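*Asks:* The structure is given below, and queries will be raised subsequently.
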Amino acid sequence: MNDTPTTHRIAGAILAGGNASRMGGITKGAIRPDGDMSLVERLVIHMLRCGIKQIVIVANEGAPYTHIGCDIIPDQRLGAGPLAGIEAALAHFADKYYAVLCLPCDLPAISSTEMSALLSAFVASGGPVTFAQTDDSARHPLCAVVRTDLLEDVSAALDGRALSVGELWSQIGGSCVHFENPAAFINLNSPGDLNAWLAGKSNDARR
């Protein structure tokens, strides 16, 4: 796999394997905050816009996503957090793609603009992982482009119960991409988060 990494050699994975306990058990990726398309549907559309052609949804309950038309794969380890979802995605695309653009399913505002910036920075860096950081110094390690040959490192971390994605990326020499707009990386973990985001959108529309 010595090809120059382009979007033709980079696949996509939407991490939707959590149990959504803070969302009251509602399947987060299937939420339709605008009453139109679900969070996962929106992410798929924006991945396609930035040139990603093969996309999987990593979900232990696939029924809410079967209509989307993407392959649905489960975590290889239940209850091991988002790193297990990344492991499943890397295993699925190993030997087929150079890297995987990974995104959590609960992002209502990220667009192909941010995704393309992540992809470009990954290609430019030549490193193993590139992930997002906003100007408020918040890191978003689940918004990352990850080389598929890191599967063994990810699996070893899970074997050792080191489940922090951010710590693993730091250990293996990952690099950050700085974004000026933190709002693009807002995630919806609870009904309160969803209500606050909708209220913010409503306020913006009235200005």
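*Asks:* Right, Ala156: of a type outside the set (Phe, Trp, Tyr), assigned to a helix (DSSP H, G or I) and surrounded by fewer than 21 Cβ atoms within 10 Å (Cβ to Cβ) or not? Steps first, answer last, please.
*Replies:* Working: of a type outside the set (Phe, Trp, Tyr): yes; assigned to a helix (DSSP H, G or I): yes; surrounded by fewer than 21 Cβ atoms within 10 Å (Cβ to Cβ): yes.
Taking the combined requirement at face value, the residue satisfies it.
*Asks:* For segment 130-137, indicate whether the set of residues that are part of a helix (DSSP H, G or I), of a type in the set (Ser, Thr, Tyr) and modelled with pLDDT of 95 or more is non-empty.
*Replies:* There is no residue in segment 130-137 that is part of a helix (DSSP H, G or I), of a type in the set (Ser, Thr, Tyr) and modelled with pLDDT of 95 or more.
*Asks:* Out of all the residues in segment 110-130, is one or more within 20 Å of Lys28 (Cα to Cα) and crowded, with 23+ Cβ neighbours inside 10 Å? Can you show your working first?
*Replies:* Of all residues in segment 110-130, those within 20 Å of Lys28 (Cα to Cα) come to 110-111.
Pick out the ones that are also crowded, with 23+ Cβ neighbours inside 10 Å and you get 110.
Yes, some residue in segment 110-130 is within 20 Å of Lys28 (Cα to Cα) and crowded, with 23+ Cβ neighbours inside 10 Å.
*Asks:* Here's something else I'd like to know. Going through segment 22-64 one residue at a time, which ones are among the β-branched types (Val, Ile, Thr), surrounded by fewer than 16 Cβ atoms within 10 Å (Cβ to Cβ) and part of a helix (DSSP H, G or I)?
*Replies:* Initial filter on segment 22-64 (among the β-branched types (Val, Ile, Thr)): 26-27, 31, 40, 44-45, 52, 55-58.
From what's left, surrounded by fewer than 16 Cβ atoms within 10 Å (Cβ to Cβ): 26, 45.
Scanning segment 22-64 gives a single hit, Ile45.
Conditions tested, residue by residue: (1) within 16 Å of the chain's Cα centre (by Cα); (2) among the hydrophobic types (A, V, I, L, M, F, W, C); (3) more than 23 Å from Arg49 (Cβ to Cβ).
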site: Leu107; (1), (2), (3): yes, yes, no
site: Leu119; (1), (2), (3): yes, yes, no
site: Pro141; (1), (2), (3): yes, no, yes
site: Arg161; (1), (2), (3): no, no, yes
site: Gly166; (1), (2), (3): yes, no, yes
site: Ser170; (1), (2), (3): no, no, yes
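*Asks:* Restricting to segment 63-79, name every residue that is closer than 23 Å to Leu158 by Cα and out of contact with any helix residue (DSSP H, G or I) (no Cβ under 6 Å at 6 or more places or on another chain).
*Replies:* Listed by number, the residues that qualify are Pro74, Leu78, Gly79.
*Asks:* Determine if segment 52-59 includes at least one residue that is free of Cβ contacts under 8 Å to residues at least 60 places away in the same chain and over 27 Å from Ser120 (Cβ atoms).
*Replies:* So far as segment 52-59 goes, yes, one or more of its residues are free of Cβ contacts under 8 Å to residues at least 60 places away in the same chain and over 27 Å from Ser120 (Cβ atoms).
*Asks:* Moving on to the next point. Being under 15 Å from Leu151 (Cβ atoms), in contact (Cβ under 8 Å) with a residue 12 or more places away in the chain and either in contact with an Asp or Glu (Cβ under 8 Å, 6 or more places away or on another chain) or among the aromatic types (Phe, Trp, Tyr) (or both) is the requirement here; does Asp95 meet it?
*Replies:* no
The values are calculated or read from the model by the stated rules, or taken from the named source; none is laboratory data. Note that the structure is a prediction, hence the values are computed from the model and not measured. Backbone-built Cβ (ideal geometry, glycine too); neighbour counts: all protein chains shown.
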